[in-house]
Amino acid sequence: MKVPMAPDVTLRSALISEKEALEALQWRASLNNPGDREALLTHADAIEIPLDQLAGGLVFVAECAGGIIGFAAIVARGDGDSELDALFVEPGLWRRGYGKALLLHCVEAARRRGSAALHVVGNPHAEAFYRACGFDLVGATETRFGAGLLMRMGL
Ligand SMILES: CC(C)(COP(=O)(O)OP(=O)(O)OC[C@H]1O[C@@H](n2cnc3c(N)ncnc32)[C@H](O)[C@@H]1OP(=O)(O)O)[C@@H](O)C(=O)NCCC(=O)NCCS
């Protein structure tokens with residue numbers, strides 16, 4: 001996967017104390033997806049970053065000029081592969097390479113875990129992003145927010 005790293009971004013594991021700030025960022029990014037707003041507002045509990053994910057060091061933040069501008073998370077799957085569980089960039093800063101930079105960081109973390117593939121249940125709004133980053137569409141599913149795309153990237 002060719003990923004031009006956004007030059008001004010720093011990537012690191014998230015702190016437990018950053019939980020609320022990251023959830024607020026997730027709200028802002030998600031509400032910016034046309035069509036998702038209503039479903040999200042009726043499932044407000046859906047935006048919650050599990051403490052064990054944060055404690056496990058598999059939530060990563062992107063910082064720019066000292067402020068957090070995005071985050072991503074991977075979780076272990078039973079088959080040894082990894083699942084991209086979150087990827088959100090501050091709206092207003094989209095299309096600057098931050099999403100790809102976060103994704104590359106997740107790819108490296110998944111490789112370190114020994115995963116053979118990274119999977120994601122993608123929001124259809126993000127399909128072009130995932131395809132541009134090297135994911136293939138392998139199926140479809142239903143989530144409580146509507147259609148989900150089963151996408152996979154071999155590592
Ligand atoms: C999806 C998301 C993380 C992408 O982050 P981003 O920082 O804008 O992505 P990048 O700038 O790294 O984009 C990399 C490439 O992906 C493709 N891409 C990204 N967004 C795209 C869009 N809306 N339409 C078409 N292609 C897109 C482009 O090829 C882009 O490269 P380019 O800008 O040089 O053409 C961001 O839009 C977001 O936070 N969305 C809301 C939350 C969400 O839907 N998350 C995914 C949940 S499954």
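Throughout, read-outs are computed from the coordinates displayed, never taken from laboratory work. Model, not experiment: these values are computed from the prediction. Don't worry about glycine lacking a Cβ; one is built from the backbone with ideal geometry, like all the others, and counts go over all protein chains shown.
The table for this structure:
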{"item": "Counted charge near THR42, where neighbours are those whose Cβ lies closer than 13 Å (Asp, Glu -1; Lys, Arg +1)", "result": "-1"}
{"item": "Value of Rg/Rh across the chain [Cα atoms, Kirkwood radius]", "result": "0.93"}
{"item": "Relative contact order of the chain, pairs being alpha-carbon contacts under 8 Å that are 6 or more residues apart, as %", "result": "22 percent"}
{"item": "Computed label-point distance, nm, for sites TRP27 and ALA65 using a 7 Å Cα→Cβ extension", "result": "2.4 nm"}
{"item": "Overall Cα dimensions of segment 93-155, principal axis frame, Å, largest first", "result": "32, 30, 18"}
